[in-house]
Amino acid sequence: MPPHTVEVEGVELSTDHWIGGERVASAERFAVRSPIDGTHLAEVSAGGAGEVDAAVAAARSAFPAWAGLGPEGRAPILRRFAEAIRDRADEIAPVETADVGSLLVGNRMAVVPRAAHNIAFFAERALELGEVIDSEQALNEVRYDPSGVAALITPWNAPFMLTTWKLGPALAAGSSVVLKPPEWAPLSCSLLADIAAGAGLPPGVLNLVQGIGEDAGAALARHPDVARISFTGSTDTARSVGRSAALNLCPVSFELGGKSPLLVFADADLDAAAQTVAAQYMNAGQVCLAGTRILVEAEIAEALRQKLAAAVAALRVGDPREPGTRMGPLIHPEHFARVSGFVERARAAGARAAWGGGRHEAGELYFEPTLLDGVERDSELFRKEVFGPVLSWHTFSDEDEAVELANDQEYGLAATLFSKSEERARRVADRVVAGTVWVNCYFIRELAAPFGGSRNSGIGREGGSWSFDFFCDLKNVAVRKGSFD
C-alpha cells in the first residue's frame, strides 16, 4: 500500500489531508480506534494553522472556476458524485461502522443512500434558484451568488451522512469547501474525498484537513478568507466558533444539541408510542434529535411503561456488524465516562433506574439502555444533553402541564408527540418550542423542509432553499421598466 494508507474492513484509506487535489501529510499524527472493540484503525495526520492556510488558499484558487460553471455546469458533476457514493455503499458502510460503532445494516441500507441523496437533491434544487419580483417601477431579479470558501465542521455521530448534508448545498451553491472532520471518527470523510475526486470534482473545490478541534477547527473558524462557517456539534464549542467568526463578520450556521421532549397523551396509540420511545436508543442515544425526556399522561403511564419495557427487552446490544444487533457502543472512552457520570450523579441525587444504568456486558464502551425515574426538574439530567442511551420518565396531568414540562429547557431542537386528537396535536405543536415537531411519527427528515433549532439548539435553518440562503450571497437586480425600450 502507498505510504500513510491503512486497510479498514478491506477498504484502503489514506490517513492524510486532501488539499488542492493531493494528499498532504503532517508530522504530527493522532490515533483512531474502533469503539466496537478498541482495535487500532489508523494514525491520522493532525493538521493545524499551516494546513488550514494551505487548504483555504486551494479553495480560494478553485472558487472562481467552480462558481463560474453555474448550477447547470455543476449539476452533472454532482450527479456523478452522488452516483459514485451509491456505487460504493459496500465500502463506505463498513468503514463508517468501524469508525463510529453505528449499525452496519443501517449504514448500508439507509445512511449511505441518504448521503447520496443529499448531494443529488441540492444539485437539482440549485437549478430552481432565483425569481423575478414585479413591482410598479421595476423588475427585481433575485439572484443567488456563490459566497466563496465555506468551512464545514462536522460531528462524530454520523460523519459521512452529516458531512454530505452540508457539502451538497455548499457545492451546489458554487462554494468551494474546506472540511474539518471529527477527530474521533475521521476515516469515512477521507474516503469521501477520494470518491469526490473520482467523480470529477475539480482539485481545490473540496479540501479536507484532519486534526484536533482546538488546532485545525479553531484555525478554520478564525480564518479571514472563509466566507461561511457551518458547524454541527455542542453548544459550548459553537460559542467558541462564533466568537472567532465574529472577528471577521463571517456568517455562521449552527446545528447544536437538544434535550427533546417526547409527549404521550392518554388517547395515543400506545403500541406505536412505545416503539418510538424505544427508538430513542438508536445509535446508542448519540442523536441530537433524540426525545430523551419522556412525558406521559399519568392515567396511561403504567400501561405505556409495560409496553416500553417489552420493546426495550427486545433490543439486542452488541457488535454493530452483526445483523441482529440494534444498539452498538458509545464512540469513545471519554464519552463513556461522560454518560456514566450523568447517570451516577442522578442516582446519587435520588433518581431510580427502571432498567439499565451502567456498562453492558457486550464490551468496554457499551452502555445499557437506561430509563430513570424520579429525575427532578432542576437536575442536570433533566436539563443537559447526555448524548447517550439514557431517558428520563415524567408524568403530567393535563395539556398545559405537558407543554410547560416540554418547554422547561434551554434547548429547542425537536419534539415528538402522540395523540389521536388532531386538535390537540395541532395545539401542542403550536405551543412547543422546537425547530421540528413530529406528530405520531419520528425521525422523518425531508430535505426540502427546514431543519434547525431554537434557543441553544442552533442558529439558522438547513434544507431546501434555506441552505442556499446561507451558502449564497443574495442579490437583487432592479431593472427599471421600459429603460431599454
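The values are calculated or read from the model by the stated rules, or taken from the named source; none is laboratory data. All of these numbers come straight from a predicted model, not from anything done at the bench. Note: ideal-geometry Cβ built from the backbone for every residue, glycine included; neighbour counts use all protein chains shown. Ligands, DNA and RNA are excluded from the accessible area calculation, which covers all protein heavy atoms including side chains. Shrake-Rupley method; radii C 1.70, N 1.55, O 1.52, S 1.80 Å.
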Take N157 and tell me if it is within 30 Å of P35 (Cβ to Cβ) and open to solvent by 10 Å² or more (accessible area, probe 1.4 Å). yes
For the range 255-265, does any single residue satisfy the condition of being open to solvent by 20 Å² or more (accessible area, probe 1.4 Å) and within 30 Å of P320 (Cβ to Cβ)? no
L365 in contact with a strand residue (DSSP E or B) (Cβ under 6 Å, 6 or more places away or on another chain) and touching a residue at least 40 places away in the same chain (Cβ under 8 Å): no
Please verify whether C288 is free of Cβ contacts under 8 Å to residues at least 40 places away in the same chain, within 24 Å of L152 (Cβ to Cβ) and open to solvent by less than 30 Å² (accessible area, probe 1.4 Å), treating the condition exactly as stated. no
Do we find that P159 is at pLDDT 95 or above and under 19 Å from the mean Cα position of the chain (by Cα) in this structure? yes
Of all residues in the range 346-362 being aliphatic (A, V, I, L, M) and out of contact with any helix residue (DSSP H, G or I) (no Cβ under 8 Å at 6 or more places or on another chain), which is surrounded by the fewest Cβ atoms within 10 Å (Cβ to Cβ)? A348
Please verify whether A402 is of a type outside the set (D, E, K, R) and touching a strand residue (DSSP E or B) at 6+ places or on another chain (Cβ under 7 Å), treating the condition exactly as stated. yes
With the condition kept exactly as written, say whether any residue in the range 449-466 is touching a Ser or Thr at 6+ places or on another chain (Cβ under 8 Å), open to solvent by 10 Å² or more (accessible area, probe 1.4 Å), touching a residue at least 60 places away in the same chain (Cβ under 8 Å) and among the aliphatic types (A, V, I, L, M). yes
Filter the strands (runs of 3 or more DSSP E) completely within the range 347-408 down to those with at least 3 residues that are modelled with pLDDT of 95 or more and among the hydrophobic types (A, V, I, L, M, F, W, C). 352-355, 390-396
Answer from S397, S340 - the residue that is out of contact with any Cys (no Cβ under 7 Å at 6 or more places or on another chain), touching a residue at least 40 places away in the same chain (Cβ under 8 Å) and among the hydroxyl-bearing types (S, T, Y): S397
Looking only at the range 362-389, and only at residues there that are closer than 14 Å to L315 by Cβ and not aromatic (F, W, Y), the one that is nearest to the chain's Cα centre (by Cα): P389
Test of understanding: among E91, E51, which residue is over 20 Å from K166 (Cα atoms), of a type outside the set (S, T, N, Q), buried (at least 24 other Cβ atoms within 10 Å of the Cβ) and touching a strand residue (DSSP E or B) at 6+ places or on another chain (Cβ under 7 Å)? E51
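Residue by residue, here is whether (1) free of Cβ contacts under 8 Å to residues at least 60 places away in the same chain; (2) more than 21 Å from E96 (Cβ to Cβ); (3) open to solvent by less than 20 Å² (accessible area, probe 1.4 Å) holds:
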| site | (1), (2), (3) |
| --- | --- |
| S175 | no, yes, yes |
| P181 | yes, no, yes |
| L191 | no, no, yes |
| P202 | no, yes, no |
| V205 | no, yes, yes |
| A218 | yes, yes, no |
| D225 | no, yes, no |
| I229 | no, yes, yes |
| T232 | no, no, yes |
Name the strands (runs of 3 or more DSSP E) wholly inside the range 129-212 in which the number of residues that are under 27 Å from S240 (Cα atoms) is 2 or more. 149-153, 176-180, 206-208
Look at A110 and say whether it is open to solvent by less than 70 Å² (accessible area, probe 1.4 Å), among the hydrophobic types (A, V, I, L, M, F, W, C) and more than 18 Å from the chain's Cα centre (by Cα). no
